[in-house]
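What follows is one structure encoded as structure tokens, with my remarks underneath.
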Amino acid sequence: MRACSNWQWHLDGAFVKINGETHYMWRAVDQEGKVLDAFVSKRRDRKDALKFLRKLMKRYGRPEHVVADKLRSFATAIKEIGNAERQVTGRWLDNRA
């Protein structure tokens, strides 16, 4: 394993309630368990996933592997950025996040 934070990212999301309203929290964790960033939005669509990924890549660069769940928002955003061949999906692979 390498020590830099752009080797492997684990992307995940969760629903959170803020002031009684349901929001979606996007989060990214590197291979060592360090939280890279979190992003809260009202929607869970491609536009917000793309915004979150661009923010991450601007700060940390391109990862070698992106581990995500099978949410279509992640898949379309990663494909649009150009990392589709680097995406890894699986049933419990993103549990680190």
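Nearest 20 debye, what's the magnitude of the dipole of the stretch 25-66 about its Cα centre given +1 on Lys and Arg Cβ and -1 on Asp and Glu Cβ?
Result for the stretch 25-66 is approximately 380 debye, rounded to the nearest 20.
Read phi for every residue in the stretch 68-74 and hand back ³J(HN,Hα) as whole Hz from Karplus 6.51 cos²θ - 1.76 cosθ + 1.60, θ = phi - 60°, with x for Gly and Pro.
Values per residue, Gly and Pro as x: 9, 6, 8, 5, 5, 4, 5 Hz.
No lab work stands behind these numbers, since they all come straight from the coordinates. Bear in mind the structure is a predicted one, so any value in this text is a computation, not a measurement. Backbone-built Cβ (ideal geometry, glycine too); neighbour counts: all protein chains shown.
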